[in-house]
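Remarks on the structure that follows.
The values are calculated or read from the model by the stated rules, or taken from the named source; none is laboratory data. Quantities reported herein were computed from a predicted structural model and do not represent experimental measurements. Backbone-built Cβ (ideal geometry, glycine too); neighbour counts: all protein chains shown.
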């Protein structure tokens, strides 16, 4: 459900513009919510992805979940000012293509 929520929120932000008075449509809130949902760091995910075919199915599912949960980040980073959160999201956009 989180993936659908993130994608809907990103679509509304893209179509109607951000609204910092409502956390549902705030890029900063969406960035924070996304990062709070992820259980791996980009470095951990990239490390696991190198040999993902040899991982237990549960870890493969978790990596795939991270890929799905970060689908919207390419659009989201355009709305954020440079900050530590922005840098973490940029790291995820680089890691995402490596995931199964």
Quiz item: Residues of the stretch 8-38 being over 11 Å from the mean Cα position of the chain (by Cα), under 22 Å from residue 65 (Cβ atoms) and surrounded by fewer than 13 Cβ atoms within 10 Å (Cβ to Cβ), which ones?
Solution: 8, 11
Exercise. Would you mind stating whether residue 95 is crowded, with 17+ Cβ neighbours inside 10 Å, modelled with pLDDT of 95 or more and within 13 Å of the chain's Cα centre (by Cα)?
Key: yes
